[in-house]
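Take a look at the structure set out below.
The values are calculated or read from the model by the stated rules, or taken from the named source; none is laboratory data. It should be emphasised that the depicted structure is a prediction, and the values quoted were computed from it without experimental measurement. Here the Cβ positions follow ideal geometry from the backbone for every residue, glycine too, while neighbour counts run over all protein chains shown. We work out accessible area using only protein heavy atoms, side chains counted, and drop any ligands, DNA or RNA first. Shrake-Rupley method; radii C 1.70, N 1.55, O 1.52, S 1.80 Å.
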Amino acid sequence: MSKEPVAVVGIGQTKHVAARRDVSIAGLVREAARRALDDAELDWADVDAVVIGKAPDFFEGVMMPELYLADALGAVGKPMLRVHTAGSVGGSTALVAASLVAARVHGTVLTLAFEKQSESNAMWGLSLPIPFQQPLLAGAGGFFAPHVRAYMRRSGAPDTVGSLVAFKDRRNALKNPYAHLHEHDITLDKVQASPMLWDPIRYSETCPSSDGACAMVLTDRAGAARAPRPPAWMHGGAMRSEPTLFAGKDCVSPRAGKDCAADVYRQAGISDPRREIDAVEMYVPFSWYEPMWLENLGFADEGEGWKLTEAGVTELDGDLPVDMSGGVLSTNPIGASGMIRFAEAALQVRGQAGAHQVDGARRVLGHAYGGGSQFFSMWLVGSEPPG
C-alpha cells in the first residue's frame, strides 16, 4: 500500500524576541498552535494527535515539559509524542508528525516546537567539554569555529564571505514580521566591524538567543480537500545521524547530511537540486555554514559553495534564494529553529510568505541540523501533490 500524501494546511508562529516575560511556556506554545489552527480553520477537537519537540530540557530547567503542556495544546486524552534531536529537533518533530499521517495512523496532526531561552543561558549550557581537548571553548561557536577554518583552508574562500551571508540574512529579516532581529541600520561595514568572537566568526555573524514557538497542522488528502486555501505538499523527508566523534569524520561536510539530502531528493524525484529546487530555508546559526551546506546538500561542488554566496546567487532575488525569512541568523529559539525552516518552506510554496516571498516558488527545501553537525532532518515541499 502506498503512503498517504501529507499536506501542510496550517502554520503559526509567535513573534520571536529575546524574552517573552508576558507568557509561560504553556502560553507560548498555545499562541503558536492557535495561530496554526486558525490558519487551517480548524479547532482543537479536529486534531487527532500532537507531536512536540524542543532542545535539551536543561535550557529551561523544566524536565519533560510536554507532560504539563498537554492541556495547553488540547492533547488531553489524545496521543502526544515528544521528539528530541538537539538543534535539528524542530525538523525531526515535523517529520515524526508527517509519518503518522503518511502511515494513516492519524488523519490530522498538530506538530509544534519551541524554546524559551530567556529562562536559561544557552551559551553556557552548550559549553560542553570535548574529550581529549583543552576546555577552551565557550558556546556552540567555539565548537564550530575550527570547522569553519577548515572549510576556509580547504576551499580557499576569502574571509569576507561570512559577512556577506550575515548582511543578506539580516536584510531579509526586515521583511519578516516574526523575525527576532530587525536591524534597520545594518550595513556590510557594520557586520565586518563587529567584534571577533570565535575566529573567524564575528558577533554579527552569529545567531541570537530567542524565545519563540512554531506550529503546523499536517493532514491527509481528505483534510487537504477541506482546507480553506491551497496547502503545501510533502514531496520527501528524511533524518540521518552520525556520532559526534569518530575516525574519518568530515566535520566540514558530514556524511549524514549528504545521505539525508540524497534520500529526500530520491523520494521527490530530484536529480539536479540546483536546477529543480527554487529556494532553501537552511539552518545557518553561524554565517559560514551557508556555503558549507550549499556543498553538503548538493547545490555546489566541493569548495565552490562560497562562490555562489559571493556572486549573489543566494540573495532574495537571486537564482537560488537561501533563508528568505532571515534564517537562524535572525531568529533562534533553538528547539523551534528547525521547524521554522520547514514552516517557512511551506509558506513559500503556498505563496504566503509576504514580503519575503520568492516569485514562482514551487519546490522549496527545509533543512535543519544539530549536535556536533551530527543530526540532520530535511523535507522538500511543493505546491502540487506528489506523484
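Go through (1) in contact with a Phe, Trp or Tyr (Cβ under 6 Å, 6 or more places away or on another chain); (2) closer than 25 Å to GLN267 by Cα; (3) open to solvent by 60 Å² or more (accessible area, probe 1.4 Å) one by one and return the number of the condition THR85 breaks.
Condition (3) is where THR85 drops out.
Pick from region 196-249 the residues that are in contact with a strand residue (DSSP E or B) (Cβ under 7 Å, 6 or more places away or on another chain) and of a type in the set (Phe, Trp, Tyr): which of them is farthest from MET339 (Cα to Cα)?
For region 196-249, the residue satisfying everything is TYR203.
Within region 88-110, does at least one residue satisfy the condition of being touching a strand residue (DSSP E or B) at 6+ places or on another chain (Cβ under 6 Å) and surrounded by fewer than 17 Cβ atoms within 10 Å (Cβ to Cβ)? Lay out the reasoning, then the answer.
Residues of region 88-110 touching a strand residue (DSSP E or B) at 6+ places or on another chain (Cβ under 6 Å): 88-98, 100-101, 106, 108-110.
In the following step, the residues that additionally are surrounded by fewer than 17 Cβ atoms within 10 Å (Cβ to Cβ) were identified as none.
Checked region 88-110: no residue is touching a strand residue (DSSP E or B) at 6+ places or on another chain (Cβ under 6 Å) and surrounded by fewer than 17 Cβ atoms within 10 Å (Cβ to Cβ).
Which ranges mark the helices (runs of 4 or more DSSP H) fully within region 1-114 that have 3 or more residues being aliphatic (A, V, I, L, M)?
On the way: elements: 25-40, 66-69, 89-102.
Passing ranges, in order: 25-40, 89-102.
So, LEU197, is that one open to solvent by 60 Å² or more (accessible area, probe 1.4 Å), in contact (Cβ under 8 Å) with a residue 40 or more places away in the chain and part of a strand (DSSP E or B) or not? Reasoning before the result, please.
Numbers: open to solvent by 60 Å² or more (accessible area, probe 1.4 Å): yes; in contact (Cβ under 8 Å) with a residue 40 or more places away in the chain: yes; part of a strand (DSSP E or B): yes.
Here the answer is yes, as LEU197 does meet what is asked.
Failed condition for VAL62, given (1) open to solvent by less than 50 Å² (accessible area, probe 1.4 Å); (2) at pLDDT 95 or above, with all others met?
(2)
Report, by residue number, each residue of region 334-371 that is under 17 Å from ALA179 (Cβ atoms) and of a type in the set (Val, Ile, Thr).
Passing the criteria: ILE334, ILE340, VAL358.
Search region 42-63 for residues that are within 26 Å of VAL105 (Cα to Cα) and pair each with any residue that is β-branched (Val, Ile, Thr) and assigned to a loop (DSSP other than H, G, I, E, B) when their beta-carbon atoms are under 9 Å apart and the residues are at least 6 apart or on different chains.
Between residues of region 42-63 that are within 26 Å of VAL105 (Cα to Cα) and residues that are β-branched (Val, Ile, Thr) and assigned to a loop (DSSP other than H, G, I, E, B), the close pairs are ASP48/VAL105; ALA49/VAL105.
Could you tell me how many of the residues in region 282-298 are open to solvent by less than 10 Å² (accessible area, probe 1.4 Å) and farther than 16 Å from THR331 by Cβ?
So the answer is 7.
Being under 20 Å from the mean Cα position of the chain (by Cα), closer than 14 Å to ALA213 by Cα and modelled with pLDDT of 95 or more is true for just one of VAL23, VAL89. Which residue is that? Can you show your working first?
Values: VAL23 fails: under 20 Å from the mean Cα position of the chain (by Cα).
Result of the check over VAL23, VAL89: VAL89.
May I ask you to list the residues in region 237-255 that are open to solvent by 60 Å² or more (accessible area, probe 1.4 Å), of a type in the set (Lys, Arg) and not in a strand (DSSP E or B)? Show your work before the answer.
As a first pass, look at region 237-255 and keep what is open to solvent by 60 Å² or more (accessible area, probe 1.4 Å): 239-241, 243, 245-248, 255.
Then keep just the ones that are of a type in the set (Lys, Arg); that gives 240, 255.
Result: ARG255, single match.
Which residue out of LEU316, LEU329 is hydrophobic (A, V, I, L, M, F, W, C) and open to solvent by 10 Å² or more (accessible area, probe 1.4 Å)?
Working: LEU329 fails: open to solvent by 10 Å² or more (accessible area, probe 1.4 Å).
Going through LEU316, LEU329 in turn, the sole match is LEU316.
Output the residue which, of all residues in region 302-313 that are more than 23 Å from the chain's Cα centre (by Cα) and free of Cβ contacts under 8 Å to residues at least 24 places away in the same chain, is nearest to GLY156 (Cα to Cα).
Only one residue tops the list, namely LYS307.
Please determine, by comparing only the residues of region 208-227 that are open to solvent by 30 Å² or more (accessible area, probe 1.4 Å) and part of a loop (DSSP other than H, G, I, E, B), which one is farthest from TRP44 (Cα to Cα). Break it down stepwise before answering.
Taking region 208-227 as the starting set, the residues that turn out to be open to solvent by 30 Å² or more (accessible area, probe 1.4 Å) are 209, 220-222, 225-226.
Within this subset, residues satisfying the condition of being part of a loop (DSSP other than H, G, I, E, B) are 209, 220, 226.
Values: SER209: 30, ASP220: 17, ARG226: 16 Å.
Applying the filter and picking the extreme gives SER209.
Report, ordered by the first and then the second residue, all pairs with beta carbons closer than 7 Å, sequence separation of six or more or different chains, a first member in region 93-117 that is at positive phi, and a second member that is modelled with pLDDT of 95 or more and in a loop (DSSP other than H, G, I, E, B).
Listed by first residue and then by second, the contacts come to ARG104/GLU4.
The conditions are (1) more than 18 Å from SER92 (Cα to Cα); (2) hydrophobic (A, V, I, L, M, F, W, C); (3) surrounded by fewer than 19 Cβ atoms within 10 Å (Cβ to Cβ), and TRP306 fails exactly one of them. Which is it?
Answer for TRP306: the failing condition is (3).
Six or more apart or on different chains, Cβ under 9 Å: which pairs go from a residue in region 5-33 that's closer than 16 Å to TYR178 by Cβ and open to solvent by less than 40 Å² (accessible area, probe 1.4 Å) to one that's among the aromatic types (Phe, Trp, Tyr) and not in a helix (DSSP H, G or I)? Could you list them?
Every condition considered, the pairs that remain are GLN13/TYR178; THR14/PHE114; THR14/TYR178; HIS16/TYR178; LEU28/PHE114; VAL29/PHE114; ALA32/PHE114.
Among (1) surrounded by 24 or more Cβ atoms within 10 Å (Cβ to Cβ); (2) without any contact (Cβ under 8 Å) to a residue 40 or more places away in the chain, there is one condition ASP359 misses while meeting the rest; what is its number?
Unmet condition: (1).
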